[in-house]
Amino acid sequence: MGLLQFPLFQNARTAATPSTPTTSSPLPASQLPPAALRGGSATGSGFRNSVEYRPCRLKGVFVPTSLASPRIVANMGDRGDKNDGSPLISSCMETCDDKQVLDVSGRLPERNFAGTPYVPVYVMLPLGVINMKCEVVDLDGLVKHLRILKSINVDGVMVDCWWGIVESHSPLEYDWHGYKKLFQIIRELKLKLQVVMSFHECGGNVGDDVCIPLPHWVVEIGKSNPDIFFTDREGRRNPECLTWGIDKERVLRGRTALEVYFDFMRSFRVEFDEFFADGVISEIEIGLGPCGELRYPSYPVRHGWRYPGIGEFQCYDQYLLKSLRKAAETRGHFIWARGPDNAGCYNSRPHDTSFFCDGGDYDSYYGRFFLGWYSQVLIDHADRVLALANLAFEGTRIAAKISGIHWWYKTASHAAELAAGFYNPCNRDGYSPIAQMLKKHEVALNFTCAELRTLDQHEDFPEALADPEGLVWQVLNAAWDVGIPVASENALPCYDREGYNKVLENAKPAHDPDGRHLSAFTYLRLSPALMERQNFLEFERFVKRMHGEAVPDPQL
């Protein structure tokens, strides 16, 4: 298929001219949501034509270089940790030629990370590194680029093990042969492995460059029983993953969803025992929802959502409605056995709805009941699956990914977070209960959007009232407060120093009296753009600083 065939250190200037991307998108470029919404291992950009990454990128909206403001270039020298120049600096670095980048003056001093704690750096492999026949795609090209990563002391790679590939045709029939070949290569190169148990679909989100549906036999069950999928108020089904309402329902050829997940994990553990025994597999990340993240699929592009819409509640399959009725009866208010009818639609703003507006029904007696139930269903699902994961992978570090829903964070209701299942309005800490549940199972927390700056978000989409920095700080502290490891990853392809500096700030907070730091960082993702000369040199410098090494020329 040739997904991995690209030259090392492609000339950056040749790609700087605005051009039409060769990879088609289901949406017009002007309607693409910020890449921060794309969800880590399953939804980041894979191998595409590198031209796609050269035009100035406004958090998912492509802007030709000819439209870039002159003040962007004028402020290119302000590369310190705090920057009141253009919000596009971090996303426009690749649009300027080498002279513009290197000949500027007046740089602010960078923090020196020499001697700081060693934070391992992993790199996500392409989504399609294993095809639907469970074969490694372009083996020679893959080995070449893994060796390059090893040469700059990258610690390891992250690989998605897709349920839709391995158990594709029949229940309990697993095909691991392509993954075994891939893992052998990684072991020979002395790299570590983070493996994702990917129980979700790939191909329905912006940035997905391959299509990997759920197993065929599961899709067939869904045709006769569509309630196995998450459902919105209008009755639209989302086949990205199975609803948590069937965790204990025997609707999958005699098995519950929990049994299906456990059987898959147990098969993997037995098949790859030697890789666990010799320590090649350093971590297993458990997919807990769409994009592998613990959240409801509240903002699906396939149903018309566009950033910064608040999204919609996803609790209208018969199984979750049954759970809601039971909760309402237990509370003694059967009239509450319903979802909100005034919460707007996918693209509403909080102030346009009676539920999410300031002083809205989200904080009424009913609203608190509903949101408490909705968020508890999310936590209970993770609790059950992670308990089984600990049985399957005893002795191996396990992680769970939490998505960074940072838009509308500066409003009272935090509407987008509520729709995704995070009960985190301004008067409640919605991430502490999740952290406590993870602590119960000694599971590490992996969080996204480590490179995003609130200033950039405010300048790019002021109407979204986003605050990724505030969200990251809240989630990291919720995890650190209960004493669990915290890892992170970038939300969009990052090649510039400004983004890397933000990651470093989050990875190793300055003046932390307890010396807390990230346990690992996973870079999204191996791609042609990363291998361009200037981008790769910047990435190598970033890896050294994450490892706590001295960088001879901090103004390279």
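Quick check: residue separation of R533 and A550 times 0.36 nm, minus the Cα distance between them. What number comes out in nm?
4.0 nm
Any idea what the relative contact order of region 121-547 is, in percent, if you count C-alpha pairs under 8 Å spaced at least 6 apart?
Reported relative contact order: 14 percent.
Could you list which residues have their amide H under 5 Å from that of A399, counting only those 5 or more apart in sequence or on another chain, with H placed in the peptide plane?
The list, which skips near neighbours in sequence, is I284, E285, I286, A444.
Tell me whether region 121-547 comes out rounded, prolate or oblate; compute the Cα gyration tensor, take square roots of the eigenvalues as a ≥ b ≥ c, and use a/c under 1.5 as the rounded threshold.
oblate
Give the calculated FRET efficiency between T396 and E220 to the nearest 0.05, with a Förster radius of 35 Å applied to their Cβ-Cβ distance. Intermediate values should be presented prior to the final figure.
Numbers: r = 33 Å, r/R0 = 0.95.
Here the calculated transfer efficiency is 0.60.
How many nm separate the modelled label positions at E459 and V482, each set 7 Å beyond the Cα in the direction of the Cβ?
Modelled inter-label distance: 3.7 nm.
Counting only DSSP beta bridges with both residues in region 121-547, what percent are antiparallel, rounded to the nearest 5? Intermediate values should be presented prior to the final figure.
Values: 6 of 37 bridges.
Approximately 15 percent, going by the DSSP bridge assignments.
If I take the Cα coordinates of region 417-512 and project them onto the principal axes, what are the three extents in Å, biggest first?
38, 28, 25 Å, listed from the longest principal axis down.
When you take every Cα atom in region 159-315, what is the radius of gyration, and what is Dmax, the widest Cα pair distance, in Å?
Here Rg and the maximum Cα pair distance are 16.6, 52 Å.
Would you check the accessible area of R325, probe 1.4 Å, heavy atoms only, in square angstrom rounded to 10?
Looks like 100 Å² after rounding.
Pull up all non-local amide H partners of V129: gap of 5 or more, or a different chain, and H-to-H distance under 5 Å with H placed in the peptide plane.
none
Kindly provide the GluC sites (Glu not before Pro) of region 307-403 that DSSP labels as loop, not H, G, I, E or B, and whose Cβ sees at most 14 other Cβ atoms within 10 Å.
E394
Give me the number: length gained by fully extending D352 to R233, i.e. 0.36 nm times residue separation minus the C-alpha to C-alpha distance, one decimal in nm.
41.1 nm is the gain from fully extending D352 to R233.
Output wanted: per-residue J couplings in Hz (rounded whole) for region 171-177, from phi through Karplus 6.51 cos²θ - 1.76 cosθ + 1.60, θ = phi - 60°, x for Gly and Pro.
After applying 6.51 cos²θ - 1.76 cosθ + 1.60, I find x, 6, 10, 10, 10, 10, 5 Hz.
The values are calculated or read from the model by the stated rules, or taken from the named source; none is laboratory data. Note that the structure is a prediction, hence the values are computed from the model and not measured. Cβ sites come from the backbone with ideal geometry, for glycine too, and all protein chains shown count toward neighbours. These accessible areas exclude ligands, DNA and RNA; they are computed on the full protein's heavy atoms, side chains included. Shrake-Rupley method; radii C 1.70, N 1.55, O 1.52, S 1.80 Å.
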